[in-house]
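**Student:** Before I ask anything, here is the structure I am working with.
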Amino acid sequence: MAKQKILIVDDDKDANDIVRDCLDAAGYATIQAFTAEEAIEKADAARLDLVVLDINLPDGSGEMVYAALQGMTSTKSLPVVIISGETPARVRKMQSVKDIPSDDIFIKPLDMAAFLERAHSYLAEKKNRAGRMLLIVDDDASMNEIIKQNLEAAGYSTLSAFGGYDALALAKEKRPDLILLDLNLPAGSGSLAYTVLQSLDGLSGIPVIIISGEDPEVIRRMQTGKTISCEDIFLKPLDFRRLFMRIARRLSEK
C-alpha cells in the first residue's frame, strides 16, 4: 500500500529536517518545501494527504501559501497543520487563518508527540474515508465536478447524478453511504427525490445533506425542508471545510 504523503513547508532547513525525520520514522512519505512558491507548486503537483505549514514564512508568504491551498481545487480539502513561533491566539488573529482550530496550531519547538498524534488522527480519518461512497446530485455539471474533485481529494469515492430520477436509480443500485442533494433540480425532481429517499426501505437510512443556492431558512419553509436540520443545509458556494466536518459527523451516526 502506498504511503500517505505529507508536504512540510518551513524555510528553516533544520526545523524542516526535524519534522521530516519524525514523519518518515512514523511511516509517512514526506516532501519538503522551503519557499512559498515551491510549496504551492509541489502542493498542486502532488496528491497530498496533509500539509505542515510554517505560517511565519518571510514577508507574510506563509499566509499566502495557506490562501493558495484553500483556493486550489486540488488542495482545498487538504488538512493543514500550522507550526509557528507565535502562540495559537496570535496566529488566529491573522485574517487568512482565523478559522483554523487551535488544535491544529503547534508552537515551536514542537511537542512532537502531540504533533504526531494530530497528524495521525487526520491521516487515519482520510484512510477510513476510502471505503465510503458518496452520491452527488446536482444538475449543474461544473458544480457537480467541483464537489466530486474535492470529495475525492479528501479520500472519498463518489458517484454523480444530474437529476432526481437518476439519483434514485443510482441510490437503489449502489446504496451510497451518504447523498449530497441539490433540492433545486429542474421540475421539482430534487424535492421529489428527497421525499422518495425518506420513504423507501433500504434508502431511508442513508443520510442526506442538502446543497443549494437558497437560504437555509427558505428551504426549511418548503414542505420538503421541514424535516431537514439546518446543520444539513449548505449554501453555495460551499464551505468545504465545514461540509467535510458535517459529512464525517453524519457518517459516524450510521
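**Student:** I'm checking my understanding of the structure. Among residues of the stretch 184-213 that are farther than 16 Å from Leu170 by Cα and within 24 Å of the chain's Cα centre (by Cα), which one is modelled with the highest pLDDT?
**Tutor:** Among those that are farther than 16 Å from Leu170 by Cα and within 24 Å of the chain's Cα centre (by Cα), it is Ile209.
**Student:** So, Ser160, is that one in a strand (DSSP E or B) and modelled with pLDDT of 90 or more or not?
**Tutor:** Yes.
**Student:** List pairs: first in the stretch 15-41 and closer than 22 Å to Glu117 by Cβ, second of a type in the set (A, V, I, L, M) and surrounded by fewer than 20 Cβ atoms within 10 Å (Cβ to Cβ), Cβ under 7 Å, 6+ apart or cross-chain?
**Tutor:** Between residues of the stretch 15-41 that are closer than 22 Å to Glu117 by Cβ and residues that are of a type in the set (A, V, I, L, M) and surrounded by fewer than 20 Cβ atoms within 10 Å (Cβ to Cβ), the close pairs are Cys22/Met112; Cys22/Leu116; Ala26/Leu116; Ile31/Ala46.
**Student:** Got a number for residues in the stretch 99-124 being in a loop (DSSP other than H, G, I, E, B) and either without any contact (Cβ under 8 Å) to a residue 60 or more places away in the chain or among the charged types (D, E, K, R) (or both)?
**Tutor:** The number of residues fulfilling the criteria is 6.
**Student:** I'm checking my understanding of the structure. Among residues of the stretch 58-77 that are hydrophobic (A, V, I, L, M, F, W, C) and buried (at least 22 other Cβ atoms within 10 Å of the Cβ), which one is modelled with the lowest pLDDT?
**Tutor:** Across the stretch 58-77, the extreme among qualifying residues is Leu69.
Residues are listed down the side, and each one gets a yes or a no for (1) part of a helix (DSSP H, G or I); (2) closer than 30 Å to Val19 by Cβ; (3) without any contact (Cβ under 8 Å) to a residue 12 or more places away in the chain; (4) not β-branched (Val, Ile, Thr):
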| site | (1), (2), (3), (4) |
| --- | --- |
| Lys126 | yes, yes, no, yes |
| Lys148 | yes, no, no, yes |
| Asn184 | no, no, no, yes |
| Leu192 | yes, no, no, yes |
| Gly202 | no, no, no, yes |
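**Student:** Just to be sure I understand, how many residues within the stretch 53-81 are aliphatic (A, V, I, L, M) and more than 16 Å from the chain's Cα centre (by Cα)?
**Tutor:** 5
The values are calculated or read from the model by the stated rules, or taken from the named source; none is laboratory data. None of the values given here were measured: they were computed from a predicted structure. Here the Cβ is made from the backbone with ideal geometry for all residues, glycine too, and neighbour counts use every protein chain on show.
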